[in-house]
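These notes are about the structure you will find just below.
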């Protein structure tokens, strides 16, 4: 804190009617940036951080003093509970004479990521041990600084309690690349599901059940992503400050939940977790030779039930109607991942409600894959002839395909936005996610169809083109002439002309 006092001047013929304390802007809080004036002075408002004006109806005969606190640690409020690391300064004025009016102004101290939503002009009540607004009113200056006016306060601790809004960059609508990729993925997933159902007799019930459920969960996820990822309710950046002088609950203004954004976030989290759960079950099923009859029911219970449990825990522990951003983001309808400084936080549900379960599933799937490949190689060194080769390859391909995109997404979160690497990773992430359904179509439908129907491949041969061929000899021989012929791409036989 900084302390300054003004002593009465006995030889003064003109009474002092106004006292002004000014603190100028600067990186460090130090007494040499504070000035106490006894006359009205013209001060550039762009350089003023804090200012208090005390006007008396007549000259004062006692000493007066000011204490400027750089924080509110000595004033722990019950009604005002700050959650941001904004600066909260307090001016303590000791005025023996009864002042006519006390006016003070404070410039908002938030960074560019936040803007002022509302504020309250208050002073500390020692009887209630809290901030109160009795006898104070507020104004907003043209320069953007907040002003207060209080009457008949001889000894008081003054403050301006500010509530801020975070300036969110709302996501734009999906561009044509994302929409085209998602549309192709939906078509590919639907075609894969139909192909798996029609050819289920050739592979058995369990693999078909697993692949169809993977396609179903991914299809629903893509549809919700296309129609629900953008937040339909955008809060305006420029807001009018309320004229009522009411103590805010916190320095972070919180909007109640509006629109379906939270519901879309929960559905996106559920179906994406369901996709990875079914993929893990598919990896487990590959290495089980004989499955009991109750396995399909267990698969369905785990495949659709486990994601519901994770989503329920995420919602129940973080979501509140008056504070929906504990669960989801404001810019678009997805899990909350960063704090107010736009820094990735492990306390947010994006980490422990999605990334952590996803990481556990991928580790489990990889461990099972390595374990059974090791056992198979021990018992059957000639793995090329083993029927398990195709199953192992399919399981491995799906795991890599699903995990690669989300590992890319994780590196996007921890990479600064302005770096070129962040842009490159964003493009890769978009392409991988938008085409996952089409990749599954190639792996589980198009590839098996072409292998089981070799005639289709033969019908796709290149058009027939005649290739000219001419023979030359280094030594002339009698009765031997140069020969010209054409080679057909059909049977590669010379056809002399």
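Descriptive notes on the structure:
- Residue order, fewest to most surrounding Cβ atoms within 10 angstrom, among 304, 334: 304, 334
- For residue 246 and residue 420, the FRET efficiency from 1/(1 + (r/R0)^6), where r spans their Cβ atoms and R0 equals 60 Å, is about 0.80.
- The Cα center of the range 287-306 and the Cα center of the range 206-273 differ in position by 32 Å.
- Residue ranges 432-445, 117-130 sort as 432-445, 117-130 when ordered by packing (mean number of other C-beta atoms within 10 Å per residue, highest first).
- Sorting the segments 362-372, 216-226, 85-95 by their residues' average number of neighbouring beta-carbon atoms within 10 angstrom, most packed first, yields 216-226, 85-95, 362-372.
Only the coordinates and a few stated rules stand behind these numbers; no lab work does. Everything numeric in this text was worked out from a predicted model, so none of it was measured. All Cβ positions, even for glycine, are placed from backbone atoms using ideal geometry, and neighbour counts span all protein chains on display.
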